[in-house]
Each structure stands twice: as structure tokens, then as C-alpha cells.
């Protein structure tokens, strides 16, 4: 899907493939702020790209964000954004976005991650997951000068002993 967005983030052009990917006719999107179609948690990612472009950063950037389909379902999108600058001032005047649906890939990545962190037989955390959670807890406790809470880890250990006495 191709999209042209002004420096003010207003959409000027959307390719017809938006109907296949987002379930939206291009006419529904033109004239609206691009952020309206981005999950609120992912807006910061796109703002980072725009900020880097304004600060004479790279002219081409890449991001993975979730867009909102017409039926409000999320769709993971890989975006390659190219900043087009005004030839006289050098200021960004628009962004040309090339977008690809990577939803299926993200779902598979999440399943693989879950498989890598759990035991096949019991579904409980494996050693890798336990160590990763413990490291994160210790980092957090060091930053906040608090004790590391491992309540959910204790519950998993108790469950394991109940299953395997």
C-alpha cells in the first residue's frame, strides 16, 4: 500500500490496496490525519521517525506499527517512510510511505516466543523464561530501590510441585 502524507501528517494520497489491507476506501482516508488510523500505543514510533527527519536525520526510515482496520481490528504494518524535502528550504514537505501487511508474521513470532518460554508438557515457564523474568525484576528493583517481587514465580513453582510431587 502506498501513501503520501504531508508534513502536517494529513493524508494526500492512498493507493487502492488500502481496501484490501485496511478495509477502507482511499477516499475515506484522504484529508484525515494519519495518526487517526494508528493504534495510540504506536503513535510515538511514527513521531520518532518524523522528528528524526526534521532534525536532518535519515531520509528513509523503517517502523512496525499497528493500524486500525475499518472493523476496528488491528493489522500489523511494516512501514518504509521516505522524507521528501523542499528544494528551496530543505525542510520536510511530505512523507512517502510504503506499507506491507505483516500481521501473519507477527502472530507467528508471538507463538514462537511463547513456545521458547514454556514447557511443552506442562505449559509452565521454562528456565529461559524464569531467568528473563528474574533479570527484569532485578533491574526494576535496582532502579526503584525496592525488593524484587516474585509472587507469580512462586505460584508457578507451587503448581509444578503439585503436578510433579
Please verify whether the stretch 6-17 includes one or more residues that are free of Cβ contacts under 8 Å to residues at least 24 places away in the same chain, surrounded by 13 or more Cβ atoms within 10 Å (Cβ to Cβ) and not in a strand (DSSP E or B). yes
What about residue 96, is it under 30 Å from residue 125 (Cα atoms) and in contact (Cβ under 8 Å) with a residue 12 or more places away in the chain? no
Mind checking whether some residue in the stretch 64-73 is surrounded by 16 or more Cβ atoms within 10 Å (Cβ to Cβ) and farther than 18 Å from residue 11 by Cα? no
Can you tell me which residue within the stretch 89-119, out of those that are on the phi < 0 side of the Ramachandran plot, modelled with pLDDT under 90 and assigned to a loop (DSSP other than H, G, I, E, B), is farthest from the chain's Cα centre (by Cα)? 89
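The values are calculated or read from the model by the stated rules, or taken from the named source; none is laboratory data. Every value quoted in this text rests on a predicted model; they were computed, and no experiment measured them. We place every Cβ from the backbone using ideal geometry, glycine too, and count neighbours over all the protein chains shown.
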